[in-house]
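Peer 1: Starting off with a structure, shown below.
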Amino acid sequence: MYDVVIIGAGPAGMTAAVYTARKKLSTLLLSKDVGGQTLWTNDIENYMGYQFIEGAELVEKFEHQVRQFPIDVKIEEDVVGLASIEGGFEVRTAGGETYQAKTAIIASGKKPRSLGVPGEERLRGHGVTYCSTCDGPLFEGLKVAVIGGGNSAVEAVIDMLKIAEHVYMVSLTPLTCDRLLIDRVKENPNLTVYAEYATQEVLGDPSVTGIRIKDLKSGEEKILEVSGVFVEIGLIPNSDLAKELLKLNKLGEIEVSCSGETAVPGLFAAGDVTNVPEKQIVVAAGEGAKAALQAYRYLQKFG
Ligand SMILES: Cc1cc2nc3c(=O)[nH]c(=O)nc-3n(C[C@H](O)[C@H](O)[C@H](O)COP(=O)(O)OP(=O)(O)OC[C@H]3O[C@@H](n4cnc5c(N)ncnc54)[C@H](O)[C@@H]3O)c2cc1C
């Protein structure tokens, strides 16, 4: 039985792991990937110590630091269950493995919200994508649609206008993004904005050839011929694994105390998966440190 199992190797989980390892706790770090959302970020200008750093480079530095400690790191592990057992917790992965630890820290972050329309799931990875930073270059010289009207959508539009032949921005509501951002691109002849249009279907077989959209005012439908669809309609917490043990708030977030404690003794959470305001790398890292130190104190008392 480990002292602590940490689920998620984003900024919160990796920071927590360094803190628990430095307290000499036997630490297991389980994650689908290394880096989380920071990998999807091109330019970071607000992580202290770096005037500017690319997300992938910051993740490399985090991972390098984690690897300096005797932390058991297991990547490509999808945690699907977390249960209370005598003296701690048992974690279950999609591959059927189980791991036990006296304490657990959930640092599983967020994932992109999906549209939930026909064709989306089938064409995921075949033209439907949720990350312009990661996949944008695949659509060089092609026509693409960005779905969404908020800041992440307009940022994807700005990125894709440098790469694609034409960008359609399709928003269910009037645009809600910062004016400053849309003003930078709204006169670009390679951009067409459809506000108050619902995306009805993603078309194509075996890869995307278009989307069907509907004008919410007139009810008129049209097909946009595109090779790529960037879904940029927000993020949802990866909190399913905690559902059996914890009550989530209405946003699906895990509620924690200011020390990262959940309602279950010995179970902690940190970063974007929690109700802590401001979803930022520096905040997630700080919360990871707090949860780790609280787990250490818990083990001193009850371990
Ligand atoms: C496009 C974009 C740009 C951003 N730009 C900035 C910026 O410039 N500055 C800034 O400060 N913040 C930025 N952010 C926000 C920042 O990236 C997040 O706040 C931060 O990454 C949250 O860290 P986290 O560790 O809580 O979660 P995440 O980064 O989401 O990491 C979660 C980890 O958990 C793993 N995981 C999830 N579910 C499971 C599971 N079931 N089993 C195992 N592992 C699992 C994931 O694989 C991942 O490794 C940006 C976010 C996005 C999307």
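The values are calculated or read from the model by the stated rules, or taken from the named source; none is laboratory data. Note that the structure is a prediction, hence the values are computed from the model and not measured. All Cβ positions, glycine included, derive from the backbone under ideal geometry; neighbour counts span all protein chains shown.
Peer 1: Tally the residues that are surrounded by fewer than 20 Cβ atoms within 10 Å (Cβ to Cβ) and either near the ligand (Cβ under 8 Å from one of its atoms) or touching a residue at least 24 places away in the same chain (Cβ under 8 Å) (or both), restricting the search to segment 22-31. Before you say what the answer is, go through the steps one by one.
Peer 2: Of the residues in segment 22-31, the ones surrounded by fewer than 20 Cβ atoms within 10 Å (Cβ to Cβ) are 22-24, 26.
In the following step, the residues that additionally are either near the ligand (Cβ under 8 Å from one of its atoms) or touching a residue at least 24 places away in the same chain (Cβ under 8 Å) (or both) were identified as 22-23, 26.
Summing the residues that are surrounded by fewer than 20 Cβ atoms within 10 Å (Cβ to Cβ) and either near the ligand (Cβ under 8 Å from one of its atoms) or touching a residue at least 24 places away in the same chain (Cβ under 8 Å) (or both) in segment 22-31 gives 3.
Peer 1: How many residues, within segment 56-75, are out of contact with any helix residue (DSSP H, G or I) (no Cβ under 7 Å at 6 or more places or on another chain), outside any helix (DSSP H, G or I) and more than 10 Å from the ligand (Cβ to nearest atom)?
Peer 2: Adding up the residues that qualify gives 3.
Peer 1: Here's something else I'd like to know. Counting only residues that are in a strand (DSSP E or B) and within 6 Å of the ligand (Cβ to nearest atom), which one in segment 32-41 is surrounded by the most Cβ atoms within 10 Å (Cβ to Cβ)?
Peer 2: Within segment 32-41, the first condition is being in a strand (DSSP E or B), and the residues that meet it are 32-34.
With within 6 Å of the ligand (Cβ to nearest atom) added as a condition, the list becomes 32-33.
Working: 32: 19, 33: 13.
Within segment 32-41, the match that is surrounded by the most Cβ atoms within 10 Å (Cβ to Cβ) is 32.
Peer 1: For segment 134-153, give me each residue that is over 18 Å from the mean Cα position of the chain (by Cα) and modelled with pLDDT under 95.
Peer 2: Scanning segment 134-153 gives 137, 138.
Peer 1: Given the criteria within 14 Å of the ligand (Cβ to nearest atom) and within 18 Å of residue 80 (Cα to Cα), does residue 237 qualify? Can you show your working first?
Peer 2: Working: within 14 Å of the ligand (Cβ to nearest atom): yes; within 18 Å of residue 80 (Cα to Cα): yes.
Considered against the rule, which asks whether it is within 14 Å of the ligand (Cβ to nearest atom) and within 18 Å of residue 80 (Cα to Cα), residue 237 comes out as yes.
Quick grid of which residues meet (1) touching a residue at least 12 places away in the same chain (Cβ under 8 Å); (2) out of contact with any strand residue (DSSP E or B) (no Cβ under 9 Å at 6 or more places or on another chain):
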position	(1), (2)
172	yes, no
181	yes, yes
188	yes, no
210	yes, no
219	no, yes
222	no, no
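Peer 1: Test of understanding: among 44, 53, which residue is more than 7 Å from the ligand (Cβ to nearest atom) and of a type outside the set (D, E, K, R)? Walk me through how you get there before you give the answer.
Peer 2: Details: 44 fails: more than 7 Å from the ligand (Cβ to nearest atom).
Step by step, each of 44, 53 is checked, and only 53 is more than 7 Å from the ligand (Cβ to nearest atom) and of a type outside the set (D, E, K, R).
Peer 1: Further question: What number of residues in segment 60-76 are within 22 Å of the chain's Cα centre (by Cα) and closer than 17 Å to residue 12 by Cα? Walk me through it before giving the result.
Peer 2: Our first condition is that a residue be within 22 Å of the chain's Cα centre (by Cα); within segment 60-76, this holds for 60-66, 73-76.
Still in the running and closer than 17 Å to residue 12 by Cα: 60-66, 73-75.
Counting residues in segment 60-76 that are within 22 Å of the chain's Cα centre (by Cα) and closer than 17 Å to residue 12 by Cα gives 10.
Peer 1: If you don't mind, another one. Considering segment 47-75 alone, what residues qualify as being without any contact (Cβ under 8 Å) to a residue 12 or more places away in the chain and of a type in the set (Val, Ile, Thr)?
Peer 2: 53, the sole residue that qualifies.
Peer 1: Please work out which one of (1) closer than 19 Å to residue 273 by Cα; (2) buried (at least 18 other Cβ atoms within 10 Å of the Cβ); (3) within 13 Å of the ligand (Cβ to nearest atom) is the condition residue 103 fails and give its number.
Peer 2: Among (1) closer than 19 Å to residue 273 by Cα; (2) buried (at least 18 other Cβ atoms within 10 Å of the Cβ); (3) within 13 Å of the ligand (Cβ to nearest atom), residue 103 violates only (3).
Peer 1: Being modelled with pLDDT of 95 or more, buried (at least 18 other Cβ atoms within 10 Å of the Cβ) and more than 17 Å from residue 116 (Cβ to Cβ) is the requirement here; does residue 238 meet it? First the steps, then the outcome.
Peer 2: Working: modelled with pLDDT of 95 or more: yes; buried (at least 18 other Cβ atoms within 10 Å of the Cβ): yes; more than 17 Å from residue 116 (Cβ to Cβ): yes.
Against the criterion (modelled with pLDDT of 95 or more, buried (at least 18 other Cβ atoms within 10 Å of the Cβ) and more than 17 Å from residue 116 (Cβ to Cβ)), residue 238 qualifies.
Peer 1: How many residues are crowded, with 24+ Cβ neighbours inside 10 Å and more than 7 Å from the ligand (Cβ to nearest atom) when one looks only at segment 2-17? Lay out the reasoning, then the answer.
Peer 2: Step one: list which residues in segment 2-17 are crowded, with 24+ Cβ neighbours inside 10 Å, which gives 4-17.
After this cut, where a residue has to be more than 7 Å from the ligand (Cβ to nearest atom) as well, the list is 4-6, 14-17.
Number of matching residues: 7.
Peer 1: Let me ask another. Name the residue that is nearest to the ligand (Cβ to nearest atom), counting only residues in segment 252-281 that are closer than 22 Å to residue 112 by Cβ and of a type in the set (Val, Ile, Thr).
Peer 2: Filtering first and then ranking leaves 281.
Peer 1: What number of residues within segment 76-98 are touching a residue at least 24 places away in the same chain (Cβ under 8 Å) and part of a loop (DSSP other than H, G, I, E, B)? Outline the logic, then answer.
Peer 2: Step one: list which residues in segment 76-98 are touching a residue at least 24 places away in the same chain (Cβ under 8 Å), which gives 76-84, 87-89, 91, 93.
Filter once more, so that each one left must be part of a loop (DSSP other than H, G, I, E, B): 76-78, 87.
The qualifying residues number 4.
Peer 1: Next question, about the same structure. Among the candidates 145, 156, 101, which residue alone is farther than 26 Å from residue 197 by Cα and either in contact (Cβ under 8 Å) with a residue 24 or more places away in the chain or part of a strand (DSSP E or B) (or both)? I'd like the intermediate steps shown before the answer.
Peer 2: Working: 145 fails: farther than 26 Å from residue 197 by Cα; 156 fails: farther than 26 Å from residue 197 by Cα.
From the options 145, 156, 101, the qualifying one is 101.
Peer 1: A further question on this structure: Within 16 Å of the ligand (Cβ to nearest atom), more than 20 Å from the chain's Cα centre (by Cα) and loosely packed, with under 15 Cβ neighbours inside 10 Å: does that describe residue 87? Can you show your working first?
Peer 2: On the way: within 16 Å of the ligand (Cβ to nearest atom): no; more than 20 Å from the chain's Cα centre (by Cα): yes; loosely packed, with under 15 Cβ neighbours inside 10 Å: yes.
Criteria not met by residue 87.
Peer 1: For segment 106-116, give me each residue that is crowded, with 17+ Cβ neighbours inside 10 Å and in a loop (DSSP other than H, G, I, E, B).
Peer 2: Answer for segment 106-116, where residues must be crowded, with 17+ Cβ neighbours inside 10 Å and in a loop (DSSP other than H, G, I, E, B): 107, 108, 109, 115.
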